[in-house]
Amino acid sequence: MKQRENFGSKLGIIMATAGSALGLGNIYRFPCEAGANGGGAFLIVYLAVALLVGTTLMLSEFIIGRRSHSNPIGAFRVLEGKKNGWMSIGWLGVVCAFLILAFYTTVAGWTLGYLGKAAANHFAGNDLAQIQEQFAAFTTHPWLPVVCQLAFLALTAIVVARGVKDGIEKWSKILMPLLLVIMVVLCVKSLTMPGAAEGMRFFFKPDFSKINGHVLISAMGQSFFSLSIGMGALITYGSYIGAKDNMVSSSVSVVLADTLVAVLAGIIIFPAAFSFGIKPEAGASLVFTTLPMVFQQMTGGYFFCLIFFVLLVIATLTSTISLLEVIVATATEELKLSRTKAAVLGSLVTAVIGLLATLSFRTGSPLHINGKIFFDILDSATALYLMPIGGLLIVLFVGWRMKKADAIDELTNGGTLRVGIRKVIYYLIRYMAPVAILVIFISQLVGD
Ligand code: PHE
């Protein structure tokens, strides 16, 4: 059997998976989605889906990954043989990885640009209008965001080319906890701003009449996106999990940490945004204008801002690494390319699609379809369609196609862990998860 790398320790899996999960999905996309979908109403659905469906789907991916020791495409061949349709789940995942990486690196590039701005103290003394203007000028600049995006992709490729253990695990382990600390500091600041209570009410008080098909699918899409599930990233990481590692407790820890960081991001953004008079549905500019405004009003704001953007870049990097890893693991195992070649080729292809996403923010850009910019099309195509479909197929595979004994074998590490709750989890994978995904998916298709 060929030698494959494994994560070094249990903390390694949690940290690497948390590294994949924590990122722009929590700090950028979550506030945008919650803001656009009614705040509290969105949060309630989000919590339910992330905690219940998210955990079971994450485990399903780990089961497939560890059982097959393979990339998402190879995994279904190992488990099912070549001549059947299951391998298409893997293909779907790889396509999804390219598409997500393409638009994700747009915003990743912005974080790099904003790190530069933070270092150069560009926000000092600016009022809200000026900070909003800075964001608009930066994101619609003809080449600056493109250069930042390419730099981010290059950084990702370098880490991924060096391999799983050296690259991915080391980065995640040290810096994720630090991010949490700085976020708590920001929460305290945001909560003490004038008018903060109104933002808290918006975020925490659910108006159930606002829950409709669109809110349901947006919350589900956001939870899949945020947890990196439904597209094979965690099949890939699952394939590096050692035989003795406890996948159940690892998944629960990651889901809780990811949810905590998203909620913290909401507690930072909404009170502050309301305090400054920034609309919760402001979309892309919500986070990138609210945060610099907050820093500007803090004692030691310059340093907090700098450290925050350093950590955000790193949190983002550990997510782009996991996306590129899907592509690289597949290309090295299926096409027998070297890791370096696969990383370079994978990021080149991504760069081409990604440039279009970044440039679609320019006013008058032809990259609009049906009134939506190309960036948003990639975002919705993956989070609202491909990931839920991929997720559904994955839980159906584990719950209905795989032998029950094999799935339980993985959940209990070959019978060495207690079955109890793990059997319940198996039934959640088999019944609850597919029904929940289907109901939400259909509720959105049939309209609000
Ligand atoms: N979960 C990551 C985030 O929240 C994004 C991601 C999606 C990473 C899918 C890998 C796979 O930032």
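Structure notes:
- Dimensionless Rg/Rh of region 315-386 - Kirkwood Rh, Rg from C-alpha atoms: 1.07
- Global geometry of region 176-224, whether rounded, prolate or oblate, following the gyration tensor of its Cα atoms and the 1.5 cut on a/c: oblate
- Backbone N within region 119-137 under 20 Å of label point (7 Å from V185 Cα along the Cβ vector): 119-125
- Counted residue by residue at 0.36 nm each, then reduced by the alpha carbon distance between them, the extension gain from L306 to N212 reaches 29.9 nm.
- For region 412-421, Karplus couplings with θ = phi - 60° (6.51, -1.76, 1.60), whole Hz, Gly/Pro x: 9, 6, x, x, 7, 9, 4, 6, x, 4
- Residue of M87, M58, M15 that the Gaussian network model of the chain assigns the largest fluctuation, springs spanning Cα pairs under 10 Å: M87
- Between N84 and A124, the modelled label-to-label distance comes to 6.5 nm, taking each label 7 Å out from Cα in the direction of the beta carbon.
- Shape of region 336-448, Cα gyration tensor, a/c cut at 1.5: oblate
- In order along region 266-279, phi translates into HN-Hα couplings of x, 5, 6, 6, 5, x, 5, 4, 4, 5, 8, x, 8, 5 Hz, rounded to whole numbers, per the Karplus curve 6.51 cos²θ - 1.76 cosθ + 1.60 with θ = phi - 60° and x for Gly and Pro.
- Cross-link pairs exceeding 26 Å between alpha carbons, from the set K82/K423; K336/K404; K117/K341; K189/K210; K82/K403; K244/K404: K82/K423; K336/K404; K117/K341; K189/K210.
- In terms of packing, defined here as the mean over residues of other Cβ atoms within 10 angstrom, the peptides 67-75, 266-274 line up highest first as 266-274, 67-75.
- Fewest-first ordering of R430, R362 by other beta carbons within 10 Å of each residue's beta carbon gives R362, R430.
- Shape of the chain, Cα gyration tensor, a/c cut at 1.5: prolate
- Panel order for K210, K82, by other beta carbons found within 10 Å of each beta carbon, from fewest to most: K82, K210.
- Relative to the longest principal axis of the Cα atoms of the chain, the long axis of helix 387-396 makes an angle of roughly 20 degrees.
- For G242, nonlocal amide neighbours, meaning residues 5 or more places apart or on other chains whose placed amide H falls under 5 Å from its own, are F7.
- Spin-label model, D406/L445: points 7 Å from Cα along the beta carbon direction are separated by 2.8 nm.
- Within a Gaussian network of the chain (alpha carbon springs, distance under 10 Å), most fluctuating of G346, G90, G414: G414
- Peptides ranked, highest mean first, by Cβ atoms within 10 Å: ranges 175-181, 383-389: 383-389, 175-181
- A helix-only calculation puts the chain at -22500 deg cm²/dmol for mean residue ellipticity at 222 nm, using -39500 (n - 2.57) for each DSSP H run of at least four residues, averaged over all residues.
- Additional length obtainable on full extension of the chain from L438 to W143, 0.36 nm per residue less Cα span: 102.0 nm
- Cα long-axis angle, helix 339-359 against the chain (0 to 90 degrees, to the nearest 10): 40
- GNM on the chain, alpha-carbon springs under 10 angstrom: the most fluctuating residue among T236, T55, T192 is T192.
- At q = 0.26, 0.27, 0.29 Å⁻¹ the log10 of I(q)/I(0) for region 364-411 amounts to -0.88, -0.91, -0.96, computed by Debye summation with a single uniform scatterer per C-alpha, solvent ignored.
- Projected label distance in nm at K205 and Y431, using a 7 Å step from Cα toward the beta-carbon: 3.8
- Separation of region 34-53 and region 325-343, taken as the distance between their Cα centroids, equals 36 angstrom.
- Using only side-chain charges placed at the Cβ, +1 for Lys and Arg and -1 for Asp and Glu, the dipole size of region 303-448 relative to its Cα centre rounds to 340 debye.
Throughout, read-outs are computed from the coordinates displayed, never taken from laboratory work. Quantities reported herein were computed from a predicted structural model and do not represent experimental measurements. As a convention, Cβ positions derive from the backbone with ideal geometry for all residues, glycine included, and neighbour counts pool all protein chains shown.
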